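The values are calculated or read from the model by the stated rules, or taken from the named source; none is laboratory data. Keep in mind it's a predicted model, so treat the numbers as computed, not measured. Don't worry about glycine lacking a Cβ; one is built from the backbone with ideal geometry, like all the others, and counts go over all protein chains shown. Side chains are part of the model used for accessible areas, which takes the heavy atoms of the whole protein and leaves out ligands, DNA and RNA. Shrake-Rupley method; radii C 1.70, N 1.55, O 1.52, S 1.80 Å.
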Amino acid sequence: MTETKKVKPYTHPAGGWGALASSGKHLLKSKQAVKNIKTLLDTNQDQGFDCPGCAWGEDHEKKAFKFCENGAKAVNWEATSKKVDPEFFSRHSVSWLKQQDDYFLEYQGRLTHPMRYNRETDKYDPVDWDTAFELIGSTLNQLDHPHQAEFYTSGRTSNEAAFLYQLFVRSFGTNNFPDCSNMCHEASGVAMKQTLGVGKGTVTLDDFEQADAIFIFGQNPGTNHPRMLDVLSKASKRGASIVTFNPLKERGLERFTNPQNPAEMLSHGGTPITGLYLTPKLGGDMAAVRGMVKVMLEVERETKAVFDHAFIAQHCEGIDDYLAAVDSTSWQQITDQSGLSRKQIEHAARIYLKSNRVICTWAMGLTQHRHSVATIQEITSLLLLRGNIGKPGAGACPVRGHSNVQGDRTMGINERPAETFLASIDRQFGINSPRNHGHNTVEAIQAMLAGESKVFIGMGGNFAAATPDSVRTEQALSQCRLTVHVATKLNRSHLVTGREALILPCLGRTEKDLQQGAPQKITVEDSFSMVHASSGHLDPVSDQLLSEPAIVAGMAKATLARQPVDWDSLIADYDGIRNLIEMTIPGFDNFNHELQYPGGFYLGNSARDRAWNTESNKARFIAHDLPESIIPVELEQQVSSPLFVLQTLRSHDQFNTTVYGLDDRYRGIYGQRKVLFICAADIERLEMKAGDSVDLESVWTDSISRRVEGFTLVEYEIPAGNLAAYFPETNPLVPLESFGDQSFTPTSKAIPVTLSRSSEETGIIMKS
Ligand SMILES: Nc1nc2c(c(=O)[nH]1)N[C@H]1C(S)=C(S)[C@@H](COP(=O)(O)OP(=O)(O)OC[C@H]3O[C@@H](n4cnc5c(=O)[nH]c(N)nc54)[C@H](O)[C@@H]3O)O[C@H]1N2
Ligand SMILES: Nc1nc2c(c(=O)[nH]1)N[C@H]1C(S)=C(S)[C@@H](COP(=O)(O)OP(=O)(O)OC[C@H]3O[C@@H](n4cnc5c(=O)[nH]c(N)nc54)[C@H](O)[C@@H]3O)O[C@H]1N2
Ligand SMILES: [Mo]
């Protein structure tokens with residue numbers, strides 16, 4: 001890599017020519033630009049494939065381009081002509097590959113053959129599919145009990161593959177379904193299920209056209225959901241208020257130029273997005289929202305005209321306890337914890353009060369804390385007080401990450417499945433699904449570390465890199481008898497081998513899926529509960545690839561003594577899988593038929609209809625005290641040097657653990673990823689200067705050393721005491737035992753760390 005390291009503040013709106021230039025650069029790097037441009041034109045079109053990027057919804061407008069800069073990178077990344085084939089593996093040992101960084105690994109191209117690890121040569125050798133499936137089947141069947149195996153899912157897996165996967169695993173006998181959701185929006189699901197009776201967002205895309213105000217918490221759509229900026233800029237142009245809570249001033253939330261709008265491209269300055277931009281401290285959102293409610297309560301007591309009394313009387317319970325909790329929270333607590341002034345919070349509250357229809361959106365900035373469930377419930381309370389659930393232009397909108405992470409849950413990828421779901425599949429398939437809870441991601445790692453779980457199977461994803469406490473997670477995986485990864489590209493997880501290890505290459509979204517000569521489509525569900533079809537048009541990169549559903553079928557046939565379905569006929573025609581989904585999961589009536597309609601169909605949302613699937617059949621206010629502190633208080637006493645709270649986040653040139661490039665344009669970072677964002681006052685407090693190199697060490701309640709080294713200090717507008725750095729480089733710092741209450745989500749946005757001067761040189765060029 002020859003890219004120069006540089007820090008140079010970005011002064012333009014998000015999007016615009018920079019986005020076009022960046023997409024272009026990545027297309028050219030793939031060495032098959034023309035083919036990939038054709039592929040891009042297919043993205044999110046009615047007859048094309050679902051963008052493998054994020055889970056934002058699709059609008060119904062007819063237009064030639066329905067992808068964004070980062071969707072372009074995702075497509076381009078998958079549709080490469082470069083190959084990681086048996087010849088590649090014969091050249092490189094696993095030990096050597098392990099020394100390369102994540103960028104190098106994924107850049108090598110697409111996996112083409114099933115491979116089996118050879119311990120003697122420390123290399124992967126080609127293996128035929130049947131042998132691979134037999135190895136899986138025999139290893140699973142040699143376990144003492146089915147709960148000794150972990151079945152991971154990443155959120156790109158289609159509905160069809162996910163449905164078959166959970167059927168296979170439950171027939172085998174366990175609910176051990178750790179998934180990426182456990183590290184992502186788990187807290188949203190847990191929180192909303194308790195308050196609104198549904199674990200999914202209550203809004204549709206149309207609601208954004210009617211909202212009077214949109215409150216955005218802990219989310220960076222300019223990078224992670226670029227198509228959301230289009231929706232936000234339309235809302236801003238028609239006069240809706242947009243309020244952002246984010247410790248960082250993210251450019252996409254300030255100003256945006258739509259690269260697909262010629263008029264905007266030629267004008268200067270872009271569309272302003274956020275009207276009121278508040279920068280709370282990490283983890284300070286619950287306090288900020290509590291403050292807003294405190295302001296509202298004061299006005300309500302004077303005027304009796306703030307709350308939606310009719311809605312509350314008819315639909316809600318728990319308001320008295322909740323308001324008592326609000327009364328007992330002092331302004332001192334609120335301003336200390338949020339880092340915002342009372343005046344700023346009053347400003348946000350006034351905007352909320354004058355708006356009749358309000359949407360709250362959020363992502364990882366809220367979900368990856370200890371008190372995430374409480375924070376999200378504070379937001380649902382805020383919404384309920386003014387009847388902002390179940391009316392047009394209003395509602396709760398957790399913006400999902402992976403393109404089908406929501407669909408995978410709908411299909412039953414859930415370690416804590418509902419009894420109704422299990423009863424339904426048992427009835428349909430004549431199996432006895434296990435009733436005990438399975439392992440989530442944190443519990444799966446703990447079980448493997450303890451030697452209790454001995455087989456790991458990953459349906460996509462990059463478990464070793466995406467999970468917390470990387471050193472211990474790698475140890476956990478390498479202790480297994482067998483590790484299996486179904487994947488499109490080589491990644492770190494494939495190099496952390498169990499006693500036996502397999503890499504099983506699968507078709508990607510952009511590729512044709514032909515079964516017995518007939519093209520198949522798959523389906524996905526977006527953040528707005530819209531289900532639609534996806535079919536790729538490219539020729540597969542190798543004739544050895546199988547589809548994910550076919551790989552599940554192969555594993556099931558080799559494992560189960562009694563088959564719950566005729567796998568071969570389901571794989572021959574995926575319509576059959578969809579018929580089974582229709583028979584077992586509510587909302588999929590006439591599934592195959594409904595898919596003919598452009599844009600797919602809406603699964604429905606009970607809270608949107610003001611039907612509450614909670615224990616009491618009411619929407620619930622749940623009263624929580626503010627957390628005592630964002631990180632455990634006792635840690636303060638453990639260290640003598642300043643204790644910081646670190647958030648780990650995404651750069652503009654990555655998709656989770658997949659690093660496309662080394663730039664983070666909107667934050668002014670070029671050619672590097674090992675940077676640490678820190679404010680000027682903290683740099684001074686440390687008696688260091690911008691550009692210095694530091695090592696980071698976690699402070700935790702155990703004696704395990706967790707360190708990463710050689711990060712460059714970048715002076716940034718960020719609250720004092722808070723830091724930011726990229727994931728996955730910082731995952732070794734996240735203690736496995738530091739997770740959210742009730743959600744078990746690793747606290748990737750609140751890691752207690754100290755800094756020390758590093759001996760590593762940075763070689764950085766600072767420009768201003
Ligand atoms: N291009 C691209 N697109 C993606 C992804 C990707 O990696 N690349 N990943 C996909 C996935 S799986 C997901 S889950 C989503 C993630 O989408 P995001 O949640 O936008 O992703 P992060 O980079 O983790 O950004 C977190 C944002 O929250 C802010 N934040 C952090 N802590 C706090 C806090 O305590 N309070 C508040 N108010 N803000 C906070 C950060 O400053 C940052 O702006 O994106 C999806 N889309
Ligand atoms: N510190 C820290 N850690 C985090 C986060 C954070 O913000 N901070 N975010 C968390 C979040 S929100 C998430 S969602 C997780 C993500 O965790 P994962 O979903 O496990 O990770 P990804 O990086 O998305 O997985 C990338 C790999 O998926 C494979 N892949 C890509 N497309 C396909 C496909 O179509 N089929 C199959 N079978 N494989 C495919 C490729 O081999 C690629 O290497 O990470 C979490 N980890
Ligand atoms: Mo995610």
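Cross-link partners for Lys237 among the aspartates and glutamates, with Cα-Cα distance under 15 Å and sequence neighbours closer than 8 places in the same chain left out: Glu209, Asp212, Glu254, Glu264.
Solvent exposure of Leu449, expressed as accessible area, is near 40 Å², computed with a probe of 1.4 Å over the protein chains only. What helices in the chain pass both tests, a Cα length along the helix axis of 24 Å or more and a mean Kyte hydropathy of -0.5 or higher, using whole DSSP H runs? Correct list, ordered by number: 285-303.
Separation of the alpha carbons by more than 20 angstrom is noted, of Lys123/Lys454; Lys294/Lys354; Lys200/Lys304; Lys6/Lys689; Lys98/Lys512; Lys193/Lys234, for Lys123/Lys454; Lys200/Lys304; Lys98/Lys512; Lys193/Lys234. When both bridge partners sit in the chain, DSSP labels roughly 40% of those beta bridges antiparallel.
Of the whole protein surface, Phe601 contributes about 20 Å² of accessible area at a 1.4 Å probe radius.
Projecting label points 7 angstrom from Cα along Cα→Cβ for Leu514 and Lys8 puts them 4.8 nm apart. With contributions of -39500 (n - 2.57) from each DSSP H run of at least four residues, the per-residue ellipticity at 222 nm computed over the chain stands at -9500 deg cm²/dmol. The packing ranking of peptides 155-165, 552-562, highest mean first, is 155-165, 552-562, where packing means the average number of other beta carbon atoms within 10 angstrom of each residue. State whether the range 633-766 is rounded, prolate or oblate according to the following rule on the C-alpha gyration tensor (a ≥ b ≥ c being the square roots of its eigenvalues): a/c under 1.5 gives rounded; otherwise a/b larger than b/c gives prolate, and the remaining case gives oblate. Cα axes put the range 633-766 in the oblate bin.
Summing Cβ point charges (Lys, Arg +1; Asp, Glu -1) relative to the Cα centre of the chain gives a dipole of roughly 1580 debye. Go through Gly269, Gln108, Cys360 and say which Cα lies farthest out towards the positive end of the charge dipole of the chain; charges sit on Cβ, +1 for Lys and Arg, -1 for Asp and Glu. Farthest towards the positive pole: Gly269.
First check a/c for the range 186-399, with a ≥ b ≥ c the square roots of the eigenvalues of its C-alpha gyration tensor; if it is under 1.5, answer rounded, and if not, answer prolate when a/b is larger than b/c or oblate otherwise.
Prolate, because a/c is 1.5 or more and a/b exceeds b/c.
When you work out D = kT/(6 pi eta Rh) for the chain at 20 °C and 1.002 mPa s, using the Kirkwood radius from C-alpha pairs as Rh and the Stokes-Einstein form, the result is 81 µm²/s. FRET efficiency for the pair Asn356 and Glu120, taken as 1/(1 + (r/R0)^6) with r the Cβ-Cβ distance and R0 = 60 Å, rounds to 0.30.
Oblate is the label for the range 638-706, because a/c, from the alpha-carbon gyration tensor with a ≥ b ≥ c as root eigenvalues, is 1.5 or above and a/b does not exceed b/c.
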